[in-house]
Structure formats: C-alpha cells, structure tokens
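Asks: One structure, as structure tokens, below. Some questions next.
Any read-out appearing in this document is the output of simple, stated calculations on the displayed coordinates, not a laboratory observation. Since the model is a prediction, treat every value here as computed from it, not as a measurement. Methodologically, a virtual Cβ is constructed for each residue, glycine included, from the backbone with ideal geometry; neighbour enumeration extends over all protein chains shown.
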Amino acid sequence: MARTLHLFLPLLCGLAAARGSVDFRADLNHPYAGSALSTAHVIGHAARASKARAARINARLARALGKGGDISAARVPLAPLGDEGHSLTVGIGTPPQPRTLIVDTGSDLIWTQCELSRGRPARHREPPLYDPRKSSSFSFLPCGSRLCQEGQFSGKNCTGSRCMYDELYGSAEADGVLASETFTFGEQRSKVSLPLGFGCGALSAGSLAGASGLMGLSPGTMSLISQLSVPRFSYCLTPFAERKTSPMLFGAMADLRKYNTTGPIQTTAILRNPAEDTFYYYVPLVGSTIAYLAGKAFETVKRAVLEAVRLPVFNGTVEGYELCFALPSGAAMAAVKTPPLVLHFDGGAAMALPRDNYFQEPRAGLMCLAVARSPDDLGASISVIGNVQQQNMHVLFDVRNQKFSFAPTKCHDI
C-alpha cells in the first residue's frame with residue numbers, strides 16, 4: 001500500500017468582526033483564460049508569478065515585524081499582477097461599466113484604473129479605464145470619512161479635501177483618490193448592486209497584464225469583506241490546466257453543505273496573527289499558484305517526496321521549482337502513482353492532496369513538485385498554500401465564527 005506524506009501546518013490568519021449578510025455568486029476568471037500560451041508555458045508563467053507573490057507577502061510581513069522588509073522592485077521579483085491570480089468582472093458605476101479586478105486576499109483596497117489619471121504615461125494606463133464622468137453615483141470621499149481616517153496605506157495625503165493614497169504591491173505601485181461608487185456583482189439572473197469605497201487611480205509602476213485593478217478581500221478596513229460586513233465567503237478552484245472559471249460565493253450562498261462534495265467537510269479555527277495590526281489571510285484566495293513552505297517544513301516534505309517517488313531526480317534547473325523528477329521515456333505524469341500529501345491543521349482537520357494537487361508537468365519528460373521553500377532573505381518566513389493545492393477543493397472562510405472549512409468537490413458542478 002502506498003505510503004501517505006504528512007505535513008502538519010497551522011493556518012495563520014486574522015479576522016475582522018462581521019455583521020449582516022450579502023448573498024451572491026460570482027465567477028472567477030482564470031488568469032490565463034483565452035491565452036494562446038501552451039499548458040507548459042502557462043505553468044511556467046504561473047510558477048514565476050508565484051515566486052514574486054511569495055516574496056511580496058514575505059516582505060510585507062518583515063516590514064510589519066520591524067525587520068526592515070523592503071518591498072521595492074529591487075527586492076521583489078518582477079511579475080505582472082494579472083499573472084498572479086484569478087479575477088472578477090464587476091460593474092462599476094451607474095450605469096455599470098464592466099471592469100476586471102484581480103482578486104487579492106492579501107490586501108484590502110478596492111481600486112480601478114480611472115480617467116482621473118489621464119495625465120499618466122500610456123504604459124501605466126491599461127484600458128479600459130473607468131470614467132466617473134459617465135456615472136451618476138460617483139462621489140469623492142472627504143478627508144474626514146471613516147475609510148480615509150482608518151484605511152492603512154503605504155502613503156496618504158489630503159489635498160483640497162480629497163483623500164489621496166499610495167499603495168505598494170512589491171513590483172507594482174498604485175495611487176489615486178478615494179471615492180464612493182456603486183458596484184454590481186453576480187450573474188445576470190441574480191445581480192446585486194452595492195455601494196463601496198474604492199480607489200480611483202492608476203499604476204505608477206508595474207503592470208496589471210490586462211486587468212483594470214484589484215479587489216481586496218482581506219479583513220482590512222477597505223476590503224469588500226469589511227465594508228459589507230460579509231459573514232462568510234467561499235470559492236472552489238477548477239483544475240488549473242483547464243483554464244475554466246471558478247465559482248465564488250458570498251453570504252448564505254457560501255455553505256459547503258449545499259453542494260455535493262466528494263469527501264468530508266473539515267473545519268479548523270482561524271487564528272489572529274499578532275505580528276500585524278491589519279490581519280491577512282495566509283492561505284490566499286488567488287495569488288500563489290504553487291505552495292511556499294517555511295524552511296523546516298519544506299525540507300521535511302522534500303525528504304518524504306524523495307523517499308516516496310521512485311524516479312531519477314532531474315539535475316537541471318527549472319525556474320520556479322526546487323525539485324523535479326525525470327519521467328520514463330515517452331511517459332506522462334498521469335502514468336506515475338504517488339501517495340497523497342496530507343496537510344494537517346490544528347484541531348484535527350486534514351487536507352489530503354492527490355498527485356495533481358502537488359505535482360506539475362512544466363514540460364514533457366519532467367514532473368516537478370509544486371511546493372517550494374518560502375523566501376526567508378527578507379527577514380520573515382511564512383507558508384502559503386497555493387492554487388494548485390486547492391484544485392477541486394471547496395474552501396470556506398467563516399469570518400463571523402472565525403472558522404476555515406474545506407471539502408473535496410468537483411468545482412465545475414457547483
């Protein structure tokens with residue numbers, strides 16, 4: 001009988017109190033949907049983007065801990081933000097202007113590129129731009145507004161009663177002015193329109209790779225979760241190589257019991273991270289494709305994989321991966337049997353990952369471990385469970401009760 005690889009990993013996360021309920025479903029766009037890149041090239045792009053994402057998160061944590069974490073472009077690998085995660089198409093304004101926002105659980109600010117920034121160089125203004133002049137529901141947020149006062153930004157300045165902000169994303173930087181607008185979410189038959197504070201601005205450095213902005217889902221003050229007091233949300237990522245949309249559910253619709261699962265529903269407590277005033281989910285919605293584990297945890301997994309996989313180790317270099325195996329001549333990864341990798345959480349919950357959730361085939365003849373060492377040169381070391389690990393896994397963040405639940409599920413059936 002095949003042995004099982006076990007990894008005990010606490011889930012570190014922070015939460016804000018929530019009240020009320022906002023119920024709707026939205027479909028997440030795959031970061032490479034419609035791309036002409038081959039599957040192998042997509043996997044390679046995603047691995048490089050994951051490395052940039054992990055370095056950026058690590059730098060933010062290092063800065064919060066007072067260890068001098070520098071998240072300038074000189075310290076963080078370059079990768080367009082649009083390569084790093086799924087996105088959500090929303091309507092902004094009245095009437096709605098459809099725009100695509102990258103979903104990010106590691107930040108709270110909601111923002112989109114805006115016509116107010118029309119003086120910017122063309123390379124930092126990727127169309128289409130939201131135009132507040134065409135909306136009857138747009139208004140600026142004054143300096144005395146709660147979101148301006150309580151929002152945590154890299155930089156903030158009030159000029160002429162307008163709240164100006166600057167936000168760093170490692171290899172990217174965005175700035176603009178805080179405003180209020182109506183956002184429309186959901187499918188045609190069940191749309192919902194809601195007022196939100198957001199940033200009307202532009203990138204001053206970096207690239208969105210075709211997206212219009214970001215949708216922050218962290219527990220921070222400016223996020224959709226906090227502004228709307230969303231009690232819980234869930235998502236279920238379809239297999240990465242298929243490039244299909246993935247369901248995301250908010251409020252009462254985010255209930256694992258309502259959908260057919262292929263395994264038991266398991267739950268663990270979400271913990272507050274005492275290192276920061278603004279808390280972050282360290283298991284992101286979208287953002288890192290492969291997993292990054294703190295040094296000792298990675299070494300444990302690497303040793304176990306080397307013992308379990310009876311294939312020769314590939315001695316060359318494959319960008320984004322630390323361990324690859326040479327497949328038998330003419331064979332594909334699908335022909336290789338591996339034991340499940342099990343992630344154990346506090347309280348007894350265990351997430352069993354099949355082969356395709358922790359191995360990838362970046363090119364013919366190679367099978368690479370989709371788990372890497374978390375970068376620790378920036379002063380802090382964290383673990384991130386990536387998109388690959390969450391394929392066909394319905395995961396739920398119960399913000400109100402501070403619980404994280406998951407169950408294996410055929411995501412395209414939801």
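Asks: I need the calculated FRET efficiency for the pair Lys191 and Glu322, taking r as the beta carbon distance and R₀ as 45 Å, to the nearest 0.05.
Replies: The pair Lys191/Glu322 has a calculated efficiency of 0.50.
Asks: Please report, in cubic angstrom per residue, the volume enclosed by the convex hull of the alpha-carbon atoms of segment 290-383.
Replies: Roughly 102 Å³ of hull volume per residue.
Asks: Mark the label point 7 Å from the Cα of Lys258 along Cα→Cβ and return the residues of segment 390-414 whose backbone N is within less than 19 Å of it.
Replies: Only 393-414 fall inside the zone, counting backbone N under 19 Å.
Asks: Over segment 155-234, what is the relative contact order in percent, taking alpha-carbon pairs closer than 8 angstrom and at least six residues apart?
Replies: Relative contact order here is 20 percent.
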